[in-house]
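Notes follow once the structure below has been shown.
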Amino acid sequence: MTAAGDFLPVDENQNLEEVKPTYPIVFGVELTPKVQGIALAVLGLVGAFALYNFVVQPVEEQKAALETDVAQKQDQVNQQRARLQNRAELQAELEAVLDQRVGVYSLLGSSQTLDTLLLDINQQIQNSNAAIADVLRADPVPLDNAQLAALGLSRAQIERVRAEFAGNPQIQRQLFTSELLRFNPSPSSLVVEDIPPELSGRLERVTVDVSMQALFPQTLSIMRNIERLEPLIIIRNMQQSIAPPPQGASEEQLLGISRLLLTDYTLEVLVPVGDPTTPPAPPAEEPAEGEGEAEGG
């Protein structure tokens, strides 16, 4: 049995190329999958380049600029911190030097030194005179030998003076009375010898011409007290001699009796100029070599 009309006859000679798929054409180029893949790759590269060039690169440049600025700021902060640290160290060194300077200046004299020295010498003279006056008024028998020796006297001397000048108590006191005869400060002078050049003009020399009379123990006590004073005081030109007898007494009457010593000397006191807590002004800078010649020329 033959079926007719169920199937179309197939032409074996039909061209197979007529049934291949068709693709759009742009600018005369057929957009096949391969072409489209290449185009997409190119567009991706172009987009990546544009993204890097217009977005990533400016950000990186801005980041690099910010990092550079931060580094500069950090350097400035470090320098400022170092300057502050150096300033603190210099300030500490300055304070230490000023403390040392104050300590050194405290060894020197001051405007009150001469007044203190005058009062001290007068006080010792008054104390010795009061002690001797008590001895002359007292009964010599119970007097303590050690006390008399400290005054430069003895019981025999006291008895002899009382017997020799029984009718004149004033002469008895004058024979052993200490007295400050002269205390004359001279005007201060900036000319100080035998000092380092850097101290020139920073110290004043004050001299005091002193003359006194006292028994040897009192004289020794006064001189030792001057040496123990805190300010540095130099004793110069010291001369001693036996004081003349008071009016109404002769040398023969005073034989074997402790005599007053007449002591003349000069005190030198170095007084600093200015406040020791104030730092000295820095020295003037010397001109560089050639500057003076250039200005002169």
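No value in this document is a laboratory result; all are computed from the given coordinates. In this text the structure is predicted, and so the values were computed from the model without any measurement. Cβ coordinates were reconstructed from backbone atoms using ideal geometry, including for glycine residues, and neighbour counts include every protein chain displayed.
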Which cross-chain or sequence-distant (5 or more) residues have an amide H under 5 Å from the amide H of Leu260, H modelled 1.01 Å from N in plane?
-> Ala243
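What's the extension gain from Asp264 to Leu51 if we count 0.36 nm per residue and subtract their Cα-Cα distance?
Numbers: separation 213, 0.36 × 213 = 76.68 nm, distance 10.58 nm.
Difference between extended and current length: 66.1 nm.
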Hey, got the dipole for region 132-271? About the Cα centre, +1 on K and R Cβ, -1 on D and E Cβ, debye to the nearest 20?
-> 300 debye
Label point 7 Å beyond Cα of Arg202 along Cβ direction - residues of region 76-90 with amide nitrogen under 14 Å = none
Normalised per residue, the volume inside the convex hull of the alpha-carbon atoms of region 109-272 in Å³ amounts to 116 Å³
Scan around Glu204 for amide H atoms under 5 Å from its own, H built in the peptide plane at 1.01 Å from N, and keep only partners 5 or more places away or cross-chain.
-> Val271, Val273
Backbone HN-Hα couplings from phi across region 241-249 [Karplus 6.51/-1.76/1.60, Hz, Gly and Pro as x] | 8, 6, 5, x, x, x, 4, x, 10
Report the label-to-label distance for Leu107 and Arg228 in nanometres (one decimal), using points 7 Å from each Cα along the Cα→Cβ vector.
-> 2.0 nm
Values of log10 I(q)/I(0), in the order q = 0.13, 0.23 Å⁻¹, for region 43-130 under a Debye, Cα-only, solvent-free model = -0.77, -1.06
